[in-house]
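Inspection log for the structure reproduced underneath, given as structure tokens.
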Amino acid sequence: GVWTAESKGEAPPPSADFDQAAPTATHMALVALVEAGYVKLVVSQNVDGLHLRSGLTREALAELHGNIFMEKCEKCSKEYFREFDVGG
């Protein structure tokens with residue numbers, strides 16, 4: 001991904017495909033900290049959905065800029081996590 005390339009001193013890929021991205025060890029560490037009770041809430045400005053894909057619950061996550069994979073029913077307000085960009 002972008003951060004991995006930059007950490008190696010390489011140019012980031014020209015376009016990152018968010019639907020192909022996978023949670024990193026850092027995402028998994030945050031899940032473990034929440035599950036152990038050390039962290040109550042993760043605040044993220046990312047829109048890539050990786051915190052939810054890592055297993056973090058919606059109750060333990062605040063997404064400041066939304067999530068491009070989250071779709072909300074206009075009738076009942078239920079949220080659905082999709083495997084594709086819904087433009088959210």
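Points worth noting:
- Candidate set: the stretch 43-88, residues that are among the charged types (D, E, K, R) and assigned to a loop (DSSP other than H, G, I, E, B); chosen: the one nearest to A21 (Cα to Cα): D48
- Boolean, S15 is of a type in the set (S, T, Y), assigned to a loop (DSSP other than H, G, I, E, B), surrounded by fewer than 14 Cβ atoms within 10 Å (Cβ to Cβ) and at pLDDT 90 or above: no
- Test: residue in the stretch 22-45 that is within 12 Å of the chain's Cα centre (by Cα) and touching a residue at least 40 places away in the same chain (Cβ under 8 Å): no
- Residue satisfying condition, being at pLDDT below 90 and either open to solvent by 70 Å² or more (accessible area, probe 1.4 Å) or of a type in the set (G, A, S) (or both), within set E35, E59, E74, E10: E10
The values are calculated or read from the model by the stated rules, or taken from the named source; none is laboratory data. The structure displayed is predicted, hence computed values, not measured ones. Here the Cβ is made from the backbone with ideal geometry for all residues, glycine too, and neighbour counts use every protein chain on show. Side chains included, ligands, DNA and RNA excluded: accessible areas come from the protein's heavy atoms. Shrake-Rupley method; radii C 1.70, N 1.55, O 1.52, S 1.80 Å.
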